[in-house]
Structure formats: structure tokens, C-alpha cells
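First comes the structure, then the notes that go with it.
Read the figures in this text as sums done on the coordinates, not as results from a lab. Model, not experiment: these values are computed from the prediction.
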Amino acid sequence: MVTRKQTERDGDAALLPDKSRVKPPPMFKVLLLNDDFTPMDFVIVVLEKFFGLAREQATTVMLKVHREGKGVCGVYPRDLAATKIEQVSEFARRYQHPLACVMEEN
Ligand code: TYC
């Protein structure tokens, strides 16, 4: 039996070029980079405020960045990743910390 939903789905797909039918958007990791000056507590606040991490998770990521030089805050489509980086950079600048935030394609 072919449902109306299936017919609609197949009908829509038939109108699209082969490639755009099922391809997910490219995803980008947003990373924090370590430096010698930004306070640990400030980095934890950034991870909570902009990446929605709970305090314990935020602390784990901050310590990973501190020890290993960089760490992943989240994975997003390009525009959202760019917005996060902009927001973090503006917030760090406002408090005069050199905290750096970058993206990498997944
Ligand atoms: N290394 C910093 C310190 O010792 C802490 C820090 C962690 C800074 C993560 C930046 O992305 C960072 N105060």
C-alpha cells in the first residue's frame, strides 16, 4: 500500500536534482584554543553561555583545552559555527581576554 505521505515524499524528491535529495549539510567543529592569560573560570562561563554545556562538562572541556592546546565545544552547520565564533570573540574582547575560537570542517 502506498500512503499519501509516501507519494508526497517521492513526488518532492523527484523534483530535486539527484545530489540534493538526501545529502546532509557540511558540519564544522568549533574549537577553543589555549592561551596563558584567559582565566579558567571565564572559559567555563563561555562554554556554558554559548555552547549550552553544564558546569561539569564545561570544566572537562576547559581542562582538555588547557592541557592539550585545543578542544571541541560543539559541531554545527557553517553559519551557526561562524555565529558562535563571532559571539565568543566579542565576549572575550569585551573582557579583554585573548581567548581564541576557530572552526574546522568535520
Ligand atoms: N591556560 C589558561 C590558564 O591557565 C586557561 C585556558 C583554558 C585558557 C582554555 C584558554 O581556551 C582556553 N588560565
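Among all lysine pairs in region 19-67 that are eight or more places apart or on different chains, how many have alpha carbons less than 29 angstrom apart?
Final tally of qualifying lysine pairs is 4.
Residue separation of residue 100 and residue 22 scaled by 0.36 nm, minus their Cα-Cα distance, works out to 24.6 nm of gained length.
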